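S.K.: Next up is a structure, given as structure tokens.
None of the figures in this text is laboratory data; all of them are computed from the coordinates on show. Please read these numbers as outputs of a predicted model, since none were measured by experiment. Here the Cβ positions follow ideal geometry from the backbone for every residue, glycine too, while neighbour counts run over all protein chains shown.
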Amino acid sequence: MIIPKEAVKKIDDVYKDLVKTDQKYMDIWFEYVFLSWQWWGCVIFSIFPWILWWKFRKKESTHRLLYGAFFIMLISMFLDAFGTELGYWDYRYEPLPFLPSFVPWDLSLLPIAFLVFVQIKPNSSPILKAFLYSFFCTFIGETIFEWLGFYHLIKWNHLYSFPIHFVIFLMGYFLVTSKNFEGLKHR
């Protein structure tokens with residue numbers, strides 16, 4: 001089915017408005033955010049946790065753990081972008097102004113927290129770990145970022161995040177601990 005010309009024009013008009021709005025946002029970002037202490041904090045939160053994990057990780061499990069971390073990143077970025085686009089929350093100090101998700105949180109802090117919880121006491125209950133991870137991410141991490149002014153709730157409550165973090169952790173945990181990994185076969 002071909003989109004009617006009237007609909008195409010409306011879509012084009014909305015797109016042009018989005019581009020103008022994005023440009024205004026970029027101007028504000030360059031004037032007030034870029035190189036501010038908050039921006040530097042975002043850069044540190046994006047890089048430093050990975051450096052620490054790299055130093056203290058369980059080296060023989062690196063690839064398997066990174067598989068889980070990339071899963072956490074992918075899901076987190078998708079849900080974060082979805083939430084910001086729907087107007088549930090927004091971010092005031094992104095390290096990059098054109099992403100709808102919060103890089104330090106989605107690409108660093110959440111996956112690193114996941115990796116730490118997976119590696120510590122490997123024989124502990126995954127349900128307990130998921131509960132602790134969810135509690136830490138929701139009631140400590142999100143609250144601190146909100147208090148610092150990085151994260152602004154609009155139509156969201158921290159309580160809604162808890163079961164989401166819980167399920168994401170369990171999915172990542174079972175990916176990482178799966179016995180279904182098969183070695184690569186040579187031809």
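S.K.: Name the lysines eligible as straight-distance cross-link partners of residue 20: C-alpha to C-alpha under 22 Å, and not fewer than 8 places from it in the same chain.
M.R.: Excluding near neighbours in sequence, the set is 9, 10.
S.K.: Still on this model: Determine the dipole magnitude for the chain: charges of +1 sit on the beta-carbon of Lys and Arg, -1 on that of Asp and Glu, nothing else is charged, the reference point is the Cα centre, and the result goes in debye to the nearest 20. Please report the intermediate quantities before stating the final value.
M.R.: On the way: 18 positive and 16 negative charges, 201 e Å.
That gives a dipole near 960 debye.
S.K.: What's the magnitude of the charge dipole for region 51-144 around its Cα centre, counting Lys and Arg as +1 and Asp and Glu as -1 at the beta-carbon? Answer in Debye, nearest 20.
M.R.: 660
S.K.: Could you order the peptides 105-115, 119-129 from most to least packed, using the average number of other C-beta atoms within 10 Å per residue?
M.R.: Highest mean packing first, the order is 105-115, 119-129.
S.K.: Now for a different question. Mean residue ellipticity at 222 nm from the helices of the chain, using -39,500 (n - 2.57) per DSSP H segment of n ≥ 4 over the full residue count, to the nearest 500 deg cm²/dmol?
M.R.: -20500 deg cm²/dmol
S.K.: With mean projected area of the Cα convex hull in nm² as the read-out, I listed (i) 18.9; (ii) 15.7; (iii) 11.0; which label goes with the value calculated from this structure?
M.R.: The value matching this structure is (ii).
S.K.: Enter the angle in degrees (range 0 to 90, nearest 10) between the Cα long axis of helix 110-119 and the first principal axis of the Cα atoms of the chain, meaning the one along which they spread out most.
M.R.: Taking the Cα atoms of the chain, the angle to 110-119 is about 10 degrees.
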